[in-house]
Amino acid sequence: DAKTTQPNSMESNEEEPVHLPCNHSTISGTDYIHWYRQLPSQGPEYVIHGLTSNVNNRMASLAIAEDRKSSTLILHRATLRDAAVYYCILRVIPEYGNKLVFGAGTILRVKS
Amino acid sequence: DAGVIQSPRHEVTEMGQEVTLRCKPISGHNSLFWYRQTMMRGLELLIYFNNNVPIDDSGMPEDRFSAKMPNASFSTLKIQPSEPRDSAVYFCASTRGGGGNQPQHFGDGTRLSIL
């Protein structure tokens with residue numbers, strides 16, 4: 001499976017934007033980039049995904065580099081509730097199912 | 001809509017006992033996944049089903065682990081006999097579709113402690 005590299009941890013101030021980077025230099029042409037997050041004592045939660053173009057939804061934005069070897073998850077205004085582990089995952093699409101391979105992720109701390 | 005429902009939320013049992021974890025996927029979802037999370041190994045996929053059929057069980061650690069999906073609304077993960085190293089949080093997830101980019105929806109997990 002293609003691998004991703006993320007910083008171990010990041011810190012942000014409340015109400016400020018957060019840019020969470022992810023490197024995926026071995027990405028193949030059909031691999032989608034997915035982001036999930038895991039709040040304390042909860043299961044992972046889907047955030048956003050994309051292939052080539054930048055994507056926006058109500059939770060976040062995903063900026064994908066032109067060569068697709070890196071991407072950035074953008075939280076436009078961090079809140080205390082955004083403190084979580086953020087996982088950047090390359091989605092391998094086999095004939096059946098959707099396999100998610102989680103790395104260590106980035107621990108995001110938000111200061112009030 | 002109800003999310004993925006897992007039971008029990010917590011389980012504490014002694015080594016050697018049989019443990020059964022249960023999962024009810026979201027109605028209409030036809031893919032189901034079992035994950036295990038530990039501090040040492042992070043989140044690992046154990047097995048997944050598509051239309052009640054096991055597709056990939058390569059993550060199942062050993063024969064003591066087994067999983068079934070008798071129908072579209074229920075799955076079990078069984079450990080027999082259990083060992084202390086099986087202590088972890090076990091998550092179930094479901095998704096609609098078998099080959100696309102549909103998000104996986106996770107339950108709140110079962111925290112398993114084997115004494």
Residues (within 28 Å of A:Pro40 (Cβ to Cβ), in a strand (DSSP E or B) and not β-branched (Val, Ile, Thr)) located in the stretch B:42-66: B:Gly42, B:Leu43, B:Glu44, B:Leu45, B:Leu46, B:Tyr48, B:Phe65
message: Can you pull out every residue in the stretch B:76-102 that is at pLDDT below 95 and either aliphatic (A, V, I, L, M) or in a loop (DSSP other than H, G, I, E, B) (or both)?
response: B:Arg96, B:Gly97, B:Gly98, B:Gly99, B:Gly100, B:Asn101, B:Gln102
message: On the basis of being surrounded by fewer than 21 Cβ atoms within 10 Å (Cβ to Cβ), within 14 Å of chain A (Cβ to nearest Cβ) and outside any strand (DSSP E or B), does B:Gln17 make the cut?
response: no
- request: Select the strands (runs of 3 or more DSSP E) contained entirely in the stretch A:50-112, then report the ones holding at least 3 residues which are under 27 Å from B:His29 (Cα atoms) and at pLDDT 90 or above.
  value: A:84-91
query: Does at least one position in the stretch B:6-24 carry a residue that is free of Cβ contacts under 8 Å to residues at least 12 places away in the same chain and not β-branched (Val, Ile, Thr)?
result: no
- request: For the stretch A:47-56, indicate whether the set of residues that are hydrophobic (A, V, I, L, M, F, W, C), within 11 Å of the chain's Cα centre (by Cα) and closer than 23 Å to B:Val4 by Cα is non-empty.
  value: yes
query: Does any residue in the stretch B:65-89 that is farther than 19 Å from B:Arg9 by Cα come within less than 6 Å, Cβ to Cβ, of a residue that is buried (at least 17 other Cβ atoms within 10 Å of the Cβ) and aromatic (Phe, Trp, Tyr) six or more places away or on a different chain, and which pairs are these?
result: B:Met69/B:Phe49
query: When the stretch B:1-14 is examined, which residues are found to be open to solvent by 30 Å² or more (accessible area, probe 1.4 Å) and either closer than 15 Å to B:Tyr90 by Cβ or part of a strand (DSSP E or B) (or both)?
result: B:Ile5, B:Ser7, B:Pro8, B:Arg9, B:His10, B:Glu11, B:Val12
- prompt: Of all residues in the stretch B:22-41, which are part of a strand (DSSP E or B) and open to solvent by less than 20 Å² (accessible area, probe 1.4 Å)?
  reply: B:Cys23, B:Ser31, B:Leu32, B:Phe33, B:Trp34, B:Tyr35
message: With the requirement that a residue be more than 10 Å from every other protein chain (Cβ to nearest Cβ) and either small (Gly, Ala, Ser) or closer than 13 Å to A:Phe102 by Cα (or both), what does the stretch B:42-57 give you?
response: B:Leu46
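The values are calculated or read from the model by the stated rules, or taken from the named source; none is laboratory data. This one's a predicted model, so the numbers in the text were calculated from it and none came from an experiment. Please note: Cβ atoms are built from the backbone with ideal geometry, for glycine as well, and neighbour counts cover all protein chains shown. To get the accessible areas, we keep the full protein, side chains included, count just its heavy atoms, and leave off ligands, DNA and RNA. Shrake-Rupley method; radii C 1.70, N 1.55, O 1.52, S 1.80 Å.
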